[in-house]
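This report refers to the structure that appears directly beneath it.
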Amino acid sequence: MIGIVSLIFFVSWQQYVLSTPLTGNLPDSLASEPIPAVIPPHLEIEEIIHQYDSLITAEIKASGTVGAAVAVVYRNEVVYTKCFGVKKSGTKDLINENTIFRLASVSKPISGVLAGMLADEQVICFDDKVAEYIPGLRLKNQKVTDELTIRNLLTHTTGLTAHAYDDLVEQKVPVSQIMNKLYLANTPAMPGQVYAYQNVMFSLLDTIVACKTGKSYCEVLKEKVFIPFGMNDASTGFESFRDSENKALPHSGTTLIKLNDRYYNTTAAAGVNASISDMKNFLLALLDNEYSAVNENVEEMIFTPYVQTELRPGYFSQWDKVDSKAYGIGWRIVDYKGRKIAYHGGFVKGYRAEIALCKNEQIGIVYLSNSPGGISARSVPEFINRLFSFKDQQKLATNPIPSGNNLN
């Protein structure tokens, strides 16, 4: 009997508490101020996503793009994923979230993240001399050979002329053989002084990682990045791509072109294959502050600008105005509209990839296509411009400029 009475009393008390406003004994400052609602990420930028979807869908259709996939991550949530077109022109074999594309030079940001994780674990040190790992390395200038560091490799500041021996990469000559010719390449600067984009030199990371871990670069990349990040479709190498039943085939315009294995000999620089599902998980891992593998130390190492870059006119032609351009560890670091953006593009015949993230705004976007065209270059800035404009309006509404201020 006592138990039943106690139960009735508890239920009555609970109903009273739940139905009574939380005022009365609370301090006035708490009782009078409404608790701000937490807006889910996808609802906060719902209109921006709608605008972007309408734009990119129309442009992909108008451009005749054969196939593409886009994903947007915001505040630790995937807020947009969409696949367009087909894997092969003239078929109904649709692109889906697990269809793999060649990433080309968007492999560099993935390698940069791996390198940052290995440096954080003290497996490698960015300031270590490359010659310590590759004793047979010989460049035209002995002082350049002696001073060259891992950081120089990954920031394109080796001192060699830009795109050194990319012609041999195009001819599919193994990097191990190209290394024997490096002593013939001009070295107009000392390491760390000048930015000059490289594929061969960047890919020496492959040899260094193998030397330090006793495993192949591909094994380490899978163990440290692909598996823990949930990149279940990702792979390296031509054979993995060729043998996949769910791959996007390359096109020039709308014309199917032959599958080729160029640049796969520079695995760290251009040898990764991935789906849009892989890449949105990659962005989630980088933007999640709770993800321990990519901690603040790793982020600082890879996203800190190391060298200012002079890029050809038109490289950022689809962006409103880039205030400064630099290179970190495997990433281009761009100052844009008051924010720092980590960005990279990738192109190999028949494929185009674009990736960008902004830690300040907790936003990331990736675009993959098997039919390169103008929409590829617009895919990232079209979204970022809209988001930043929305964010700036939010800030202005929250903190309006006092009317008495003189803006002249």
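For segment 42-397, the residue among A356, G253, A293 whose Cα projects farthest onto the positive side of the dipole built from Cβ charges is G253.
Were the residues from N289 through L55 laid out at 0.36 nm apart, the gain over their Cα-Cα distance would be 81.1 nm. Bridging of K87 to aspartates and glutamates at a Cα separation below 13 Å is possible for E97, E245, once same-chain residues fewer than 8 apart are set aside.
Modelled this way, with points 7 Å down the Cα-to-C-beta line, the labels at H163 and N246 are 3.6 nm from one another. Expressed per residue, the C-alpha convex hull volume of segment 280-334 stands at 106 Å³. Restricting segment 88-146 to trypsin sites (Lys or Arg not before Pro) that sit in a DSSP loop and have at most 12 other Cβ atoms within 10 Å of their own Cβ leaves K92.
Between K321 and N76, full extension at 0.36 nm per residue minus the direct alpha carbon distance yields a gain of 85.4 nm. Relative to the longest principal axis of the chain, what angle (0 to 90°, nearest 10) does the C-alpha long axis of helix 46-63 take? Tilt of helix 46-63: around 40 degrees. Among the trypsin sites (Lys or Arg not before Pro) within segment 290-342, those in coil by DSSP and having at most 14 neighbouring Cβ atoms inside 10 Å are K321.
Look at the dipole of segment 42-397 built from charges on Cβ: of N232, N96, V79, the Cα furthest out on the positive end belongs to N96.
Charges were assigned to the Cβ only: +1 to each Lys and Arg, -1 to each Asp and Glu. The resulting dipole of the chain about its Cα centre is roughly 1340 debye.
When Lys and Arg each count +1 and Asp and Glu each count -1, what net charge do the other residues less than 12 Å away from E299, Cβ to Cβ, add up to? Spell out each step's value before the answer.
Values: positive: K340, K359; negative: D120, D288, E296, E300.
In short, -2.
Figure legend: label point modelled 7 angstrom from the Cα of V173 along Cα→Cβ; no residues of segment 84-122 have amide N under 16 Å from it.
The orientation-averaged shadow of the Cα convex hull for the chain, equal to a quarter of the hull surface, comes to 30.2 nm². Other residues within the sphere of radius under 12 Å centred on the Cβ of E97, judged by their own Cβ, net out at 0 (K and R +1, D and E -1).
By the rule of a C-alpha distance below 15 Å, with chain neighbours fewer than 8 residues away ignored, the aspartates and glutamates paired with K215 are D206, E223. Backbone amide hydrogens, once placed in the peptide plane, bring S252 within less than 5 Å of I257, excluding anything fewer than 5 places away on its chain. Ignoring lysines fewer than eight residues from K337 along the same chain, the ones with Cα atoms less than 29 angstrom from its Cα are K82, K108, K280, K321, K325, K359, K391, K395. Toward the positive end of the charge dipole of the chain, with +1 on the Cβ of Lys and Arg and -1 on the Cβ of Asp and Glu, the farthest Cα among V173, M201, I56 is that of V173.
Which of the GluC sites (Glu not before Pro) across segment 186-286 are loop residues per DSSP, with 15 or fewer other Cβ within 10 Å? Display every interim value, and only then the final one.
Working: sites: E219, E223, E239, E245; in loops: E245.
Counting only loop positions with at most 15 other Cβ atoms within 10 Å, the GluC sites (Glu not before Pro) in segment 186-286 are E245.
What is the chain's relative contact order, in percent, from Cα pairs under 8 angstrom and six or more apart in sequence? Reported as a whole number, the value is 22 percent.
For the chain, the longest principal axis of the alpha carbon atoms and the long axis of helix 276-287 meet at an angle near 70°. About its Cα centre, segment 79-238 has a charge dipole of approximately 420 debye under the convention of +1 per Lys or Arg Cβ and -1 per Asp or Glu Cβ, with nothing else charged.
No value in this document is a laboratory result; all are computed from the given coordinates. These numbers come from a predicted model, not from an experiment. Note: ideal-geometry Cβ built from the backbone for every residue, glycine included; neighbour counts use all protein chains shown.
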